[in-house]
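Undergrad: Sending over a structure as structure tokens; questions will come in a sec.
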There are 2 protein chains.
Amino acid sequence: VDRAPRVRSNITVQQWANSGLDLHVELNRAHLRESLERSLRETVQSGRLGAGALLPPSRTLAGDLGVARNTVAEAYAQLVAEGWLTARQGSGTRVALHPAGPAAAAGRRAGPEPVARYDLRPGFPDVTAFPRGEWLSSARSALMRAPADVFGYGDGRGRPELRAALAAYLARARGVRVSADSVVVCSGFSQALWLLGSALRAEGGKAVGVESHGHRLHREVLAGTGLAVRGLRVDDHGARPEGLEGLDAVLLTPAHQFPLGVALDPGRRTQLVKWAASTGAVVIEDDYDGEFRYDRRAVGAMQALSPELVVYAGTASKTLAPGLRLAWLVLPARLVGPVLEQRLLTDLHTGALDQLTMAEFINSGRYDRHVRRARLSYRRRRDRLVATLARRLPDMALRGLPAGLHAVLELPESATEAEVVARAAARGLALEGLGSYAMAPDASPPALVVGYGTPPAHAYTSALARLCTTLAEHD
Amino acid sequence: VDRAPRVRSNITVQQWANSGLDLHVELNRAHLRESLERSLRETVQSGRLGAGALLPPSRTLAGDLGVARNTVAEAYAQLVAEGWLTARQGSGTRVALHPAGPAAAAGRRAGPEPVARYDLRPGFPDVTAFPRGEWLSSARSALMRAPADVFGYGDGRGRPELRAALAAYLARARGVRVSADSVVVCSGFSQALWLLGSALRAEGGKAVGVESHGHRLHREVLAGTGLAVRGLRVDDHGARPEGLEGLDAVLLTPAHQFPLGVALDPGRRTQLVKWAASTGAVVIEDDYDGEFRYDRRAVGAMQALSPELVVYAGTASKTLAPGLRLAWLVLPARLVGPVLEQRLLTDLHTGALDQLTMAEFINSGRYDRHVRRARLSYRRRRDRLVATLARRLPDMALRGLPAGLHAVLELPESATEAEVVARAAARGLALEGLGSYAMAPDASPPALVVGYGTPPAHAYTSALARLCTTLAEHD
């Protein structure tokens, strides 16, 4: 029996979420984590926090409650494990769409994350389109021919076979100025960002600029390396080259701003490179979906302007699958050593077999064919999104370039993002508001970031229908 | 033309290496890295530092020269890339055994690391024995049956299929008390150690104890997380449970101390667990080669004494291949959240396809069969090492349990490790002295740590012959 005195605190976390979020948390100071878990569990069970509702970041809630951040993080992790909450890259911790029942939650700590029936959240490719057979063929060719040293400890930059294949591909497909020696294979873009941030920090770097809208996880990864993270305003021409004083680096999405969907203006590219040249800073170009441009006006990598000032970062997460955890950096020579030093202090290098398979996948032409197929498929999905909205909701406007896996859909001024997201969740459709990506609360009109990559092909029509019904309800 | 004034400094780095190492370095303060690179390159080219010679750690040399550590690390990385130096996990930076010629060095920045013809250094399995066909079969079964969510972003703990397979295997083969929920799949043991160190640090941990002899990289990884690293003396009964005050964790190799080869005494295991219980500290059990014991007296995991106080860490690096980058932690419940929090800020999770393949490899019984084959093969190698030494050098003694992939070979009192290593290098045989693993200079008699895992089967006889010839030369 729990005899410690109870402290009650009611907290409202309005400064963070778009909608006010009222969390009633009972904390037993002698058993902080357990009581926090219990309170959060009850909040979800009772329906006080509805399906899909966004929880405050662990740092924020910890500050409000006056407890260690880890206490909150552990409680969140436990409730995710139990199926009450879901945690997803870039979109924070949320109440699960189909929270586990009490029976399930009591016994199992590792239930699978509940999945909405339809999902139009951005940031994910269609994982059902992964080319399993072709990948396996590449794995077979690569593994049977591999030199034995593949199985030993390897170079922190990655396998030479993959670095050479990527160098050729990136020069050809994205206009990157690259030799194999400047490529570092990473286990996903977030690791690439962590390595860069840590290397800059170890060199004495203090602050990094990020676009005012972007993945929260990327900001957290950079902050986790000890760098201060400052926002750069984004307008219709991309990030504004203002307020750069004191920054050691800026992280940009020049080809297709995430999530706003604009391209970085050529004049600004030049300005930013000049700034880097004059201050010794670096520009980090996150080319997360550069392969997917649908209007035959693909913009080459900004890195080509100045390979010694711009770090190019690419990934297989959008073209193939996030589960592969394969990404790549093209580094200025002066950063290769510092990045490898960080690598040596963490995971040494990315798994060699996937690297060899990817090299073979590229060299055999399968990667190009797969990217072409995927581009056509996503282009059609985008066209259908545009056509469906034009037919059913002609007053609603899509913003952003014809590119990538997402578009910004403006909501009527009278709507709130949280309300639309909640209504969609009730229909089994997962949506994401633009506000989820804002670094600070801003005055942007309400909007959704619609990702058309996620649903498998057979579910796309139904997902669009639910989207339109949800939106029409408000009108 | 370089017009900056030159500063000359002669440094001797005797406090660090077993042999005194005299580095003559000319530094141009305006072009620090370039001039350091040039000096080091000339030192190797001229033969002033012989093949196999150990360079001081970058931190030490940086301190001696009064330059940033990164400057030294970058210079080392550049010379490794050029083939003049080699860097290998746990054994520091060395002069390459076959340094690249000037022509090769001038043009190529990424030449492969020169490899000695024969290699009896410890820490590596026989990579030529990797079961390629069986691994591919497992990959095919796993990938063709995989649910689509394998290709998406996943749980930071790893795939449920692999966690379940590992839990069953570890309980059965190593006596670990484990459920799938407490398993976290990592990208190699060094990442596991980084995650643990970072999680402890984030919780307010300050210091970790390590065995006085061990992999330098492990100490560096822990230090990199911000923890102070203190040594625990090791004797014939393993690490001594002394000087534990103020430690938040200890990293141990209970089954088979690396590199000294002893087992941790049962009484000491209990003492250490009691210490952890009374202070809130954790014991980290590095079970790197627990599968390989040759006398049918395998010791179960220390973790079973107290799963809430002992973290169990295992790896596929010795049983299968380091290049896979697959390892696993079995965590006390209170550490799962903090470790996942660190994971979320770096690489999210280990690549899913290798995880699924490994799960299938275990579940199909292939892993057990492979481990049995490998155990028999390494046991025979060890027996041959013992027999060859007994025949050719009957005065020399091998120390350590009949286990794992290495043994300690005592040298005559009059010998120095550096001299024996250099003589072996001249014969194309790579050896490693015990001193390379010492945390601080100590008074241990000179010895080699002989690894019999590395040579492919066809080269083992020649490697042993060269070892004996090298050793006989001194006698």
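The values are calculated or read from the model by the stated rules, or taken from the named source; none is laboratory data. Quick caveat, the model's predicted, so the values are computed rather than measured. Don't worry about glycine lacking a Cβ; one is built from the backbone with ideal geometry, like all the others, and counts go over all protein chains shown. Heads up: the accessible areas ignore ligands, DNA and RNA and are worked out on the full protein's heavy atoms, side chains in. Shrake-Rupley method; radii C 1.70, N 1.55, O 1.52, S 1.80 Å.
Undergrad: List pairs: first in segment A:348-365 and within 28 Å of B:Gly92 (Cβ to Cβ), second hydroxyl-bearing (Ser, Thr, Tyr), Cβ under 8 Å, 6+ apart or cross-chain?
TA: Sorted first by the residue in segment A:348-365, then by its partner, the pairs are A:Leu348/A:Tyr153; A:Leu348/B:Ser190; A:His349/A:Tyr153; A:Thr350/A:Ser187; A:Thr350/B:Ser187; A:Gly351/A:Ser187; A:Gly351/B:Ser187; A:Gly351/B:Thr350.
Undergrad: Check B:Asp347, B:Asp354 and return the single one that is crowded, with 24+ Cβ neighbours inside 10 Å, within 30 Å of A:Gly197 (Cβ to Cβ) and touching a Cys at 6+ places or on another chain (Cβ under 9 Å). Give the derivation first.
TA: Numbers: B:Asp354 fails: touching a Cys at 6+ places or on another chain (Cβ under 9 Å).
One residue alone meets the criteria, B:Asp347.
Undergrad: Out of segment A:155-180, which residues are at the interface with chain B (Cβ under 10 Å from one of its Cβ atoms) and open to solvent by 40 Å² or more (accessible area, probe 1.4 Å)?
TA: A:Asp155, A:Pro160, A:Ala164, A:Ser179
Undergrad: I want to confirm something. Restricting to segment A:288-342 and keeping residues that are out of contact with any Gly (no Cβ under 7 Å at 6 or more places or on another chain), more than 14 Å from every other protein chain (Cβ to nearest Cβ) and assigned to a helix (DSSP H, G or I), which single residue is surrounded by the most Cβ atoms within 10 Å (Cβ to Cβ)?
TA: A:Gln303
Undergrad: Also: So which residues in segment A:233-272 are open to solvent by less than 20 Å² (accessible area, probe 1.4 Å) and among the β-branched types (Val, Ile, Thr)?
TA: Once the filter is applied, which keeps residues that are open to solvent by less than 20 Å² (accessible area, probe 1.4 Å) and among the β-branched types (Val, Ile, Thr), segment A:233-272 yields A:Val250, A:Thr253.
Undergrad: So B:Glu285 fits all but one of (1) touching a residue at least 40 places away in the same chain (Cβ under 8 Å); (2) closer than 20 Å to B:Ala173 by Cβ; (3) outside any helix (DSSP H, G or I); (4) open to solvent by less than 30 Å² (accessible area, probe 1.4 Å); what number is the exception?
TA: For B:Glu285, the exception is condition (1).
Undergrad: So B:Pro99 fits all but one of (1) part of a loop (DSSP other than H, G, I, E, B); (2) away from every other protein chain (no Cβ under 13 Å); (3) at pLDDT 95 or above; what number is the exception?
TA: Every condition holds for B:Pro99 apart from (3).
Undergrad: Give the residues of segment A:121-142 that are in contact with a Leu (Cβ under 6 Å, 6 or more places away or on another chain) and either away from chain B (no Cβ under 11 Å) or within 30 Å of A:Val339 (Cα to Cα) (or both), sorted by residue number.
TA: Selection gives A:Ala142 alone.
Undergrad: Could you identify the single residue in A:Thr60, A:Thr71, A:Thr86 that is open to solvent by less than 50 Å² (accessible area, probe 1.4 Å), at pLDDT 75 or above and more than 13 Å from chain B (Cβ to nearest Cβ)? Show your work before the answer.
TA: Working: A:Thr71 fails: more than 13 Å from chain B (Cβ to nearest Cβ); A:Thr86 fails: more than 13 Å from chain B (Cβ to nearest Cβ).
Result of the check over A:Thr60, A:Thr71, A:Thr86: A:Thr60.
Undergrad: What number of residues in segment A:440-475 are in a loop (DSSP other than H, G, I, E, B) and charged (D, E, K, R)?
TA: Going through segment A:440-475 one residue at a time, the tally reaches 2.
Undergrad: Out of all the residues in segment B:401-441, which are in contact with a Pro (Cβ under 8 Å, 6 or more places away or on another chain), small (Gly, Ala, Ser) and closer than 17 Å to B:Pro259 by Cα?
TA: Passing the criteria: B:Gly433, B:Gly435.
Undergrad: Right, another one. Please work out which residue is most open to solvent (accessible area, probe 1.4 Å), limiting yourself to segment B:384-423 and to residues that are without any contact (Cβ under 8 Å) to a residue 40 or more places away in the chain and part of a helix (DSSP H, G or I).
TA: B:Arg391
Undergrad: Yes or no: A:Glu211 buried (at least 19 other Cβ atoms within 10 Å of the Cβ), at pLDDT 95 or above and closer than 30 Å to A:Ala443 by Cβ?
TA: For A:Glu211, the condition - buried (at least 19 other Cβ atoms within 10 Å of the Cβ), at pLDDT 95 or above and closer than 30 Å to A:Ala443 by Cβ - is met.
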